[in-house]
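See structure below.
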There are 2 protein chains.
Amino acid sequence: MDLTASLGTDTAHLRETCIEARTAWRGSFLDVRSDRVALPDGSETNREYIVHPGAVMIVPLLGEDRVIIERQWRYPMGRAMLEFPAGKLEPGEPVLDCAVRELTEETGYRAAEWARAGILHNAIGYSDEGIEIWFARGLAPGQRRLDAGEFLDVFEAGVDELDEAARSGEITDAKTLIGLLWLANWRSGRWPLKWVGAAPTS
Amino acid sequence: MDLTASLGTDTAHLRETCIEARTAWRGSFLDVRSDRVALPDGSETNREYIVHPGAVMIVPLLGEDRVIIERQWRYPMGRAMLEFPAGKLEPGEPVLDCAVRELTEETGYRAAEWARAGILHNAIGYSDEGIEIWFARGLAPGQRRLDAGEFLDVFEAGVDELDEAARSGEITDAKTLIGLLWLANWRSGRWPLKWVGAAPTS
């Protein structure tokens, strides 16, 4: 069977269903579950995973061939990583509001226009996290307002420089690599974006 | 400061250091930590994260413009997802051995040649997981041997078809999108791969 034919087919033969939902551990950030689950053949197993509020990543454009990028310490990795700006959704927060907020908080920039590229799911084996991918352009610099306990560097970078950093392994952050995938396809005209004006904010 | 200048600079002003390492919860798969951490300004916080054994993804090539792809139920997502074959490293397992094993177990294929593209880090805010990215070519079909409790569909797909599925949002799995980034850059000659013969396996 090929892909196009497959997309229309039923997935019932793959489906796993919850028998018992169980909270395993709850921290101030991580919400860990360990559900008892029925597999397609009727056997049972446990599925351990994180429930996540979702996040937004911003690809901030300075013209068509330069962007804003950050460097931030990532404790689980034990080092600083190069990344596009990103942040978690607050409860009930509209996605674009979150994107506008995170871009300003972390970099100081405000954008005249925004475009939604898509969504990515970064750890489908053990997290329900989705990261919305938004592009921002028409950037006006301003004062950043980092959260308490937040420390990060902000840089300008050429897209060619970032592509080379991805090839060489300097950039390994998944969301950022997918930002570069969207950048390459948007710049070549293959994956067009639909721009909207930024809503006025107080 | 621009990116190239920044890569050589010190990151001590961003560094977070462990004060006390603490296990929060241990399941059969997830190993959850909640460390007490010192921030760069000397203040303290908690960092909650998963310790992960690491994984391998395989981009299995049928010629230059067709690949093998899977559809698998992902319980945290509540649905089946399109993905390149992938699997977790077993303790002490060499990465290429894991790639050869997972490709055969999940799809039945054995590859004549392999090439390492790079590594991606998919959840740097709350996991140390790294996914090695390997390409496989010279595929010979055979019998797959799924693990107990593993159910998945295997398809052939054109690279153009997959690119369109990524653009339209049919493919949202991060590792798979990054496989498509590598595929596009390899096919265009921008990101060359160095191929090695597969080691003979018993």
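Only a single criterion out of (1) within 8 Å of chain B (Cβ to nearest Cβ); (2) touching a Cys at 6+ places or on another chain (Cβ under 8 Å) is not satisfied by A:Gly118, namely (2).
Please go through the range A:35-49 and give me each residue that is more than 7 Å from chain B (Cβ to nearest Cβ) and assigned to a strand (DSSP E or B), ordered by number. Working first, answer last.
Taking the range A:35-49 first, the residues more than 7 Å from chain B (Cβ to nearest Cβ) are A:35-36, A:38, A:41-42, A:44.
The answer is A:Asp35, A:Arg36, A:Ala38, A:Glu44.
Mind checking whether some residue in the range B:53-65 is within 10 Å of chain A (Cβ to nearest Cβ) and in contact (Cβ under 8 Å) with a residue 24 or more places away in the chain? Looking through the range B:53-65, at least one residue is within 10 Å of chain A (Cβ to nearest Cβ) and in contact (Cβ under 8 Å) with a residue 24 or more places away in the chain. Before we move on, is A:Val67 more than 30 Å from A:Phe155 (Cβ to Cβ), within 25 Å of the chain's Cα centre (by Cα) and among the aliphatic types (A, V, I, L, M)? Here the answer is no, as A:Val67 does not meet what is asked. Suppose the filter is closer than 20 Å to A:Gly149 by Cβ, of a type in the set (Ser, Thr, Tyr) and not assigned by TED's automatic domain parsing to the domain that holds B:Ile124; does B:Thr23 pass it? Spelling it out, it is not the case that B:Thr23 is closer than 20 Å to A:Gly149 by Cβ, of a type in the set (Ser, Thr, Tyr) and not assigned by TED's automatic domain parsing to the domain that holds B:Ile124.
Residue by residue, here is whether (1) at the interface with another protein chain (Cβ under 8 Å from one of its Cβ atoms); (2) touching a helix residue (DSSP H, G or I) at 6+ places or on another chain (Cβ under 8 Å); (3) surrounded by fewer than 17 Cβ atoms within 10 Å (Cβ to Cβ) holds:
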{"site": "B:Asn122", "(1), (2), (3)": "yes, yes, no"}
{"site": "B:Asp128", "(1), (2), (3)": "yes, yes, no"}
{"site": "B:Ala136", "(1), (2), (3)": "no, yes, no"}
{"site": "B:Leu139", "(1), (2), (3)": "no, no, no"}
{"site": "B:Leu146", "(1), (2), (3)": "no, yes, yes"}
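Residues in the range B:51-75 that are surrounded by fewer than 23 Cβ atoms within 10 Å (Cβ to Cβ) and aliphatic (A, V, I, L, M) were compared, and the one that is nearest to B:Ser127 (Cα to Cα) is B:Val51.
Among the residues of the range A:66-90, the ones that are more than 12 Å from every other protein chain (Cβ to nearest Cβ) and out of contact with any strand residue (DSSP E or B) (no Cβ under 6 Å at 6 or more places or on another chain) come to 2 in all. The single condition from (1) out of contact with any helix residue (DSSP H, G or I) (no Cβ under 7 Å at 6 or more places or on another chain); (2) more than 16 Å from B:Tyr126 (Cα to Cα); (3) surrounded by fewer than 19 Cβ atoms within 10 Å (Cβ to Cβ) that A:Ala99 fails is (3). Taking the range B:154-190 as the range and being acidic (Asp, Glu) and more than 7 Å from chain A (Cβ to nearest Cβ) as the test, the residues that pass are B:Asp160, B:Asp163, B:Glu164. There is at least one residue in the range A:172-193 that is part of a loop (DSSP other than H, G, I, E, B), closer than 30 Å to A:Val32 by Cα and either among the charged types (D, E, K, R) or under 19 Å from the mean Cα position of the chain (by Cα) (or both).
The values are calculated or read from the model by the stated rules, or taken from the named source; none is laboratory data. A quick note: this is a predicted structure, and the numbers were derived from the prediction, not measured. Quick reminder, even Gly has a Cβ in these numbers, built from the backbone with ideal geometry, and neighbours come from all protein chains shown.
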